[in-house]
Amino acid sequence: MEDFVAGWIGGATSVIVGHPMDTVKTRLQAGTGYQNTLNCILTTYKKESVAGFFKGMSFPLTSIAVYSSVVFGVFSNTQKFLAQYHYEESNDSRSLSDLFLASMVSGAVSVGLGGPMDLVKIRLQMQTEPFLKANLHSKPRPKDLWNRPMYQGPIHCMTSVIQKEGLVGLYRGANAMLLRDVPGYCLYFIPYEIISEWITPDSNTTSNPYTVWLAGGIAGAISWGTATPMDVIKSRLQADGVYSNKYKGVMDCISQSYRKEGLKVSNIEVFFKGFTVNTIRGFPVSATMFLGYELSLQILRGNQTVTNP
C-alpha cells in the first residue's frame, strides 16, 4: 500500500510537470505541418489555447498509480531476488548485471500496463480536427456530432478502440514500446544508481533529496534522449487510427517514414523528431518522479532518510 501511494504521488507529479511538453513531443513525432518545436508550441496555443497542451492528461494521471508502483516495485524486488540468488542473503549489494536484468524486467512489465494508457493519451493528444474534416468518407452519423472530436474523453476513446479493433487494439504499438522501454529503463535505473553513488559523500550511507533529484533528472534526460528513435515509431503507430490507418507494424512504419521523409545526412531527424523536447523534458519529469516517490515513501514509513529504489 505504501508503494502504491508513493508511486501515485511520484507519478502524478511527473505527469503534471511533463504533460504539456509530452503533447508537443507527440505532435512533432506523429503529426504533420510542424516546422520545429517552437512552431508546434505556437500552433497548439493559437488553435487550442493552453488547454491544448493538457489533452489526454486525465487518463495517465488517474492510472499512473498502478503503473509507477509496479515499475518501481518490480525493479526493487527483482534486485532483491537476484541479490538473494547470488549472495544467498538479502543485502544492498548491487552488481551491474543485477541492475541490468532488473531494469529489463521493469521495462518489459511496463508495456503490459503502460501500452493502453499511452495509446489513449496519444489518441487524445493527436485529435486536432473535428470528425467532419477527418472522416469525409465515413458512414453517416448524427449532424450534431459532425463537428465534435472523434473521442469525447479517455473512456470513450478506449471503448471506441475496443469496438473497432478488439482488446488487441489497445496494444497497438506495443512491440515498438517494448523495443523502447527495455533498453530505455536500463538507461534510466542504471545511470540513476551510478550517479547517486558517485555524488553521495562516502560518509553518507543514504542519498539526500538533492542527490535523488539530480541523479533522477540526469538519468531521465539520458533515457528519454536515447529512446527517441523508437519513441517516434511508437507514437506514430499508436496515433495511427485516429483519422486513418497507414502502418501495418513496426517495420512498415520505419519503412514508410524512411521512404517519405528520407534518411539523408541533412534529414536524419525523421527518426529524431522530438529529441530536444524528450531530453529537456526528461530531466524535470524524472527528477520529480524519483523525488516524489522517495520522499513519499520516507514519510509513509516514518523514516528520516531517503533510500534508492
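The values are calculated or read from the model by the stated rules, or taken from the named source; none is laboratory data. Quantities reported herein were computed from a predicted structural model and do not represent experimental measurements. Neighbour counts run over all protein chains shown; Cβ positions are idealised from the backbone, glycine included. Surface accessibility is based on the protein's heavy atoms, side chains included, excluding ligands, DNA and RNA. Shrake-Rupley method; radii C 1.70, N 1.55, O 1.52, S 1.80 Å.
Any chance you could count how many residues in the range 11-30 are within 16 Å of Ser58 (Cα to Cα) and among the charged types (D, E, K, R)? The total comes to 1.
Each row is one residue, and each column tells you yes or no for (1) at pLDDT 80 or above; (2) open to solvent by less than 10 Å² (accessible area, probe 1.4 Å); (3) touching an Asp or Glu at 6+ places or on another chain (Cβ under 8 Å).
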{"site": "Val5", "(1), (2), (3)": "no, no, no"}
{"site": "Trp8", "(1), (2), (3)": "no, no, no"}
{"site": "Thr23", "(1), (2), (3)": "yes, yes, no"}
{"site": "Thr44", "(1), (2), (3)": "yes, yes, no"}
{"site": "Gly52", "(1), (2), (3)": "yes, yes, no"}
{"site": "Lys55", "(1), (2), (3)": "yes, no, yes"}
{"site": "Phe59", "(1), (2), (3)": "no, no, no"}
{"site": "Phe72", "(1), (2), (3)": "yes, yes, yes"}
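Taking the range 74-86 as the range and being at pLDDT below 85 and hydrophobic (A, V, I, L, M, F, W, C) as the test, only Ala83 passes. Quick one: what pairs do we get from the range 247-275, first residue of a type in the set (A, V, I, L, M) and assigned to a helix (DSSP H, G or I), second open to solvent by 60 Å² or more (accessible area, probe 1.4 Å) and modelled with pLDDT of 90 or more, C-beta under 6 Å, 6+ apart or different chains? Listed pairs, sorted by first residue: Val250/Asn175. Here Ala221 fits the description: within 30 Å of Arg123 (Cα to Cα), open to solvent by 10 Å² or more (accessible area, probe 1.4 Å) and in a helix (DSSP H, G or I). Residue pairs whose Cβ atoms lie under 7 Å apart, separated by 6 or more positions or on different chains, with the first residue in the range 17-34 and free of Cβ contacts under 8 Å to residues at least 12 places away in the same chain and the second open to solvent by 10 Å² or more (accessible area, probe 1.4 Å), are Tyr34/Leu28; Tyr34/Thr43.
Beta carbons closer than 7 Å, at least 6 apart along the sequence or on distinct chains, pair a first residue in the range 160-179 that is closer than 12 Å to Leu119 by Cα and among the charged types (D, E, K, R) with a second that is in a helix (DSSP H, G or I) and modelled with pLDDT of 90 or more for Arg172/Leu119; Arg172/Leu237; Arg172/Gln238.
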